[in-house]
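I have placed the structure first, in the form of C-alpha coordinates, so that the comments after it can refer back to it.
The values are calculated or read from the model by the stated rules, or taken from the named source; none is laboratory data. Since this is a predicted model, take the numbers as computed values, not measurements. Every residue, glycine as well, gets a Cβ built from its backbone with ideal geometry; the counts of neighbours run over all protein chains shown. In case anyone asks, the SASA skips ligands and DNA or RNA and just uses the protein heavy atoms, side chains included. Shrake-Rupley method; radii C 1.70, N 1.55, O 1.52, S 1.80 Å.
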Amino acid sequence: MNQTISPTGTTDTDEMTTITVPAHEHGVVRVFSLSMSADQAESLRNSRHAQADALGLKEMDPRGVEVFRIADLADFGLYGYLRDGVDAEEADLARDRTKLKALEGWVLLVHSSAFEGRQVEFTPTPELTLIGTYGRTQPDPTRLEVESDAAKPYSGSPTMTPPQPVRGRPGSVMVIAGLVLLLMLVCWWLLS
(Lines give C-alpha, C1' and ligand atoms only; values in the text may rest on other atoms or scores of the structure.)
Protein backbone atom coordinates (compact mmCIF):
# COMPACT_ATOMS: atom_id res chain seq x y z
CA MET A 1 0.00 0.00 0.00
CA ASN A 2 1.41 3.39 -1.03
CA GLN A 3 1.09 6.06 1.68
CA THR A 4 2.24 9.70 1.87
CA ILE A 5 1.53 12.36 4.49
CA SER A 6 0.97 15.97 3.44
CA PRO A 7 1.58 19.11 5.55
CA THR A 8 -2.20 19.66 5.87
CA GLY A 9 -2.67 16.56 8.02
CA THR A 10 -3.88 14.28 5.24
CA THR A 11 -2.67 10.80 4.42
CA ASP A 12 -3.06 9.58 0.87
CA THR A 13 -3.47 5.82 0.71
CA ASP A 14 -3.83 4.82 -2.93
CA GLU A 15 -7.03 6.69 -3.97
CA MET A 16 -8.47 7.39 -0.51
CA THR A 17 -7.47 10.40 1.58
CA THR A 18 -7.52 10.11 5.38
CA ILE A 19 -7.65 13.40 7.24
CA THR A 20 -6.42 13.70 10.81
CA VAL A 21 -7.85 16.40 13.05
CA PRO A 22 -5.92 16.98 16.28
CA ALA A 23 -7.74 17.13 19.62
CA HIS A 24 -8.94 20.58 20.66
CA GLU A 25 -8.51 22.03 17.19
CA HIS A 26 -10.04 25.48 16.95
CA GLY A 27 -10.48 28.03 14.18
CA VAL A 28 -9.78 25.85 11.13
CA VAL A 29 -11.96 25.29 8.07
CA ARG A 30 -11.49 22.57 5.46
CA VAL A 31 -12.87 23.22 1.98
CA PHE A 32 -14.01 20.29 -0.18
CA SER A 33 -15.22 20.50 -3.75
CA LEU A 34 -18.15 18.22 -4.58
CA SER A 35 -17.97 16.03 -7.68
CA MET A 36 -21.68 15.25 -7.95
CA SER A 37 -24.81 16.45 -9.68
CA ALA A 38 -26.65 19.53 -8.42
CA ASP A 39 -29.50 17.31 -7.19
CA GLN A 40 -27.10 15.14 -5.20
CA ALA A 41 -25.40 18.23 -3.75
CA GLU A 42 -28.80 19.68 -2.82
CA SER A 43 -29.69 16.43 -1.05
CA LEU A 44 -26.36 16.54 0.76
CA ARG A 45 -27.06 20.11 1.91
CA ASN A 46 -30.42 19.09 3.34
CA SER A 47 -29.33 15.92 5.16
CA ARG A 48 -27.02 16.01 8.17
CA HIS A 49 -26.84 12.20 8.06
CA ALA A 50 -25.71 12.28 4.41
CA GLN A 51 -23.04 14.87 5.29
CA ALA A 52 -21.64 12.65 8.04
CA ASP A 53 -21.66 9.66 5.67
CA ALA A 54 -19.94 11.63 2.88
CA LEU A 55 -17.22 12.72 5.30
CA GLY A 56 -16.86 9.24 6.74
CA LEU A 57 -17.72 10.43 10.25
CA LYS A 58 -19.77 8.60 12.85
CA GLU A 59 -20.23 11.67 15.04
CA MET A 60 -20.15 15.36 14.20
CA ASP A 61 -21.82 18.61 15.14
CA PRO A 62 -23.86 19.50 12.04
CA ARG A 63 -23.62 23.22 12.86
CA GLY A 64 -19.95 23.03 11.84
CA VAL A 65 -20.72 21.95 8.26
CA GLU A 66 -21.82 24.13 5.32
CA VAL A 67 -22.83 22.96 1.85
CA PHE A 68 -23.56 25.56 -0.82
CA ARG A 69 -23.33 26.41 -4.51
CA ILE A 70 -20.43 28.80 -5.23
CA ALA A 71 -22.61 30.70 -7.70
CA ASP A 72 -24.89 31.66 -4.77
CA LEU A 73 -22.04 33.82 -3.43
CA ALA A 74 -22.36 36.05 -6.54
CA ASP A 75 -19.54 38.60 -6.90
CA PHE A 76 -18.29 37.87 -3.40
CA GLY A 77 -17.06 34.43 -4.46
CA LEU A 78 -15.62 31.61 -2.40
CA TYR A 79 -12.34 33.44 -1.84
CA GLY A 80 -14.16 36.50 -0.48
CA TYR A 81 -16.43 34.36 1.68
CA LEU A 82 -13.46 32.56 3.24
CA ARG A 83 -11.59 35.83 3.78
CA ASP A 84 -14.45 38.00 5.11
CA GLY A 85 -17.12 35.52 6.21
CA VAL A 86 -14.97 32.84 7.81
CA ASP A 87 -12.03 35.18 8.63
CA ALA A 88 -9.50 32.75 7.16
CA GLU A 89 -5.83 33.70 7.31
CA GLU A 90 -4.96 35.87 4.29
CA ALA A 91 -1.58 34.15 3.79
CA ASP A 92 -3.25 30.71 3.63
CA LEU A 93 -5.83 31.96 1.14
CA ALA A 94 -3.20 33.69 -1.02
CA ARG A 95 -1.40 30.34 -1.38
CA ASP A 96 -4.55 28.84 -2.99
CA ARG A 97 -6.02 32.00 -4.58
CA THR A 98 -5.99 30.65 -8.15
CA LYS A 99 -7.42 27.30 -7.14
CA LEU A 100 -10.21 28.86 -5.01
CA LYS A 101 -11.21 31.37 -7.69
CA ALA A 102 -11.31 28.65 -10.36
CA LEU A 103 -13.70 26.41 -8.40
CA GLU A 104 -17.23 26.03 -9.72
CA GLY A 105 -20.24 24.04 -8.63
CA TRP A 106 -20.78 23.05 -5.02
CA VAL A 107 -18.49 23.03 -1.99
CA LEU A 108 -18.62 21.59 1.49
CA LEU A 109 -16.95 23.48 4.34
CA VAL A 110 -16.10 21.66 7.57
CA HIS A 111 -15.27 23.90 10.53
CA SER A 112 -13.34 22.70 13.60
CA SER A 113 -16.52 22.96 15.65
CA ALA A 114 -17.91 19.95 13.75
CA PHE A 115 -15.41 17.71 15.60
CA GLU A 116 -16.38 19.01 19.08
CA GLY A 117 -12.77 19.09 20.29
CA ARG A 118 -12.14 15.39 19.66
CA GLN A 119 -9.18 13.94 17.79
CA VAL A 120 -10.67 12.49 14.63
CA GLU A 121 -9.46 10.56 11.61
CA PHE A 122 -11.88 10.40 8.72
CA THR A 123 -11.86 9.34 5.10
CA PRO A 124 -14.26 11.28 2.87
CA THR A 125 -15.96 9.60 -0.06
CA PRO A 126 -14.27 10.00 -3.48
CA GLU A 127 -16.90 12.63 -4.44
CA LEU A 128 -15.30 15.02 -1.93
CA THR A 129 -11.94 16.53 -2.87
CA LEU A 130 -10.01 18.45 -0.22
CA ILE A 131 -9.08 21.82 -1.72
CA GLY A 132 -7.40 23.31 1.31
CA THR A 133 -7.23 23.76 5.06
CA TYR A 134 -7.37 27.34 6.32
CA GLY A 135 -6.80 28.71 9.80
CA ARG A 136 -8.65 31.70 11.16
CA THR A 137 -6.92 35.03 11.62
CA GLN A 138 -5.66 35.17 15.20
CA PRO A 139 -6.15 38.34 17.25
CA ASP A 140 -3.10 40.52 17.83
CA PRO A 141 -1.52 39.30 21.08
CA THR A 142 0.05 42.70 21.79
CA ARG A 143 -0.99 43.95 25.21
CA LEU A 144 -2.43 47.41 25.46
CA GLU A 145 -0.53 49.29 28.14
CA VAL A 146 -2.64 51.85 29.99
CA GLU A 147 -0.67 54.77 31.41
CA SER A 148 -3.34 56.09 33.82
CA ASP A 149 -2.71 55.97 37.59
CA ALA A 150 -6.24 54.67 38.04
CA ALA A 151 -5.36 51.58 35.96
CA LYS A 152 -2.56 50.54 38.33
CA PRO A 153 -3.34 47.70 40.72
CA TYR A 154 -4.34 48.68 44.26
CA SER A 155 -4.43 52.37 43.33
CA GLY A 156 -8.07 53.02 44.03
CA SER A 157 -9.46 54.30 47.28
CA PRO A 158 -12.94 53.54 48.52
CA THR A 159 -15.22 56.55 48.28
CA MET A 160 -18.28 54.95 49.82
CA THR A 161 -18.76 54.72 53.57
CA PRO A 162 -20.72 51.78 54.86
CA PRO A 163 -24.26 52.58 56.02
CA GLN A 164 -24.68 53.23 59.74
CA PRO A 165 -27.22 51.08 61.60
CA VAL A 166 -30.30 52.87 62.96
CA ARG A 167 -29.77 54.03 66.53
CA GLY A 168 -32.27 53.08 69.20
CA ARG A 169 -34.43 50.03 69.45
CA PRO A 170 -36.90 49.86 66.60
CA GLY A 171 -37.85 46.34 67.67
CA SER A 172 -38.94 47.45 71.15
CA VAL A 173 -41.33 50.06 69.68
CA MET A 174 -43.03 47.29 67.73
CA VAL A 175 -43.38 45.13 70.86
CA ILE A 176 -45.01 48.01 72.78
CA ALA A 177 -47.38 48.72 69.89
CA GLY A 178 -48.35 45.03 69.80
CA LEU A 179 -49.03 44.94 73.54
CA VAL A 180 -51.22 48.06 73.34
CA LEU A 181 -53.21 46.51 70.50
CA LEU A 182 -53.63 43.27 72.47
CA LEU A 183 -54.83 45.20 75.54
CA MET A 184 -57.40 47.08 73.43
CA LEU A 185 -58.70 43.80 71.98
CA VAL A 186 -59.07 42.27 75.47
CA CYS A 187 -60.98 45.36 76.72
CA TRP A 188 -63.28 45.29 73.72
CA TRP A 189 -64.00 41.60 74.26
CA LEU A 190 -64.78 42.14 77.95
CA LEU A 191 -67.13 45.06 77.23
CA SER A 192 -69.07 43.27 74.52
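Before we move on, is THR129 surrounded by 18 or more Cβ atoms within 10 Å (Cβ to Cβ), within 23 Å of LEU55 (Cβ to Cβ) and either of a type in the set (Val, Ile, Thr) or modelled with pLDDT of 95 or more (or both)?
no
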Selected residue (only one of SER33, SER47 is in contact (Cβ under 8 Å) with a residue 24 or more places away in the chain and surrounded by 13 or more Cβ atoms within 10 Å (Cβ to Cβ)): SER33
Residues being open to solvent by 50 Å² or more (accessible area, probe 1.4 Å), β-branched (Val, Ile, Thr) and either within 16 Å of ARG136 (Cβ to Cβ) or not in a helix (DSSP H, G or I) (or both) - total across region 71-98: 0
Per-region count, region 132-166, residues at pLDDT below 75 and within 28 Å of the chain's Cα centre (by Cα): 7
Meets criteria (surrounded by 18 or more Cβ atoms within 10 Å (Cβ to Cβ), touching a His at 6+ places or on another chain (Cβ under 9 Å) and under 28 Å from SER37 (Cβ atoms)) for VAL65: yes
Where a residue in region 58-76 is under 24 Å from LEU103 (Cα atoms) and in contact (Cβ under 8 Å) with a residue 12 or more places away in the chain and its partner, wherever it lies, is among the hydroxyl-bearing types (Ser, Thr, Tyr) and open to solvent by 20 Å² or more (accessible area, probe 1.4 Å), with Cβ under 8 Å and at least six apart: ARG63/SER113; GLY64/SER113
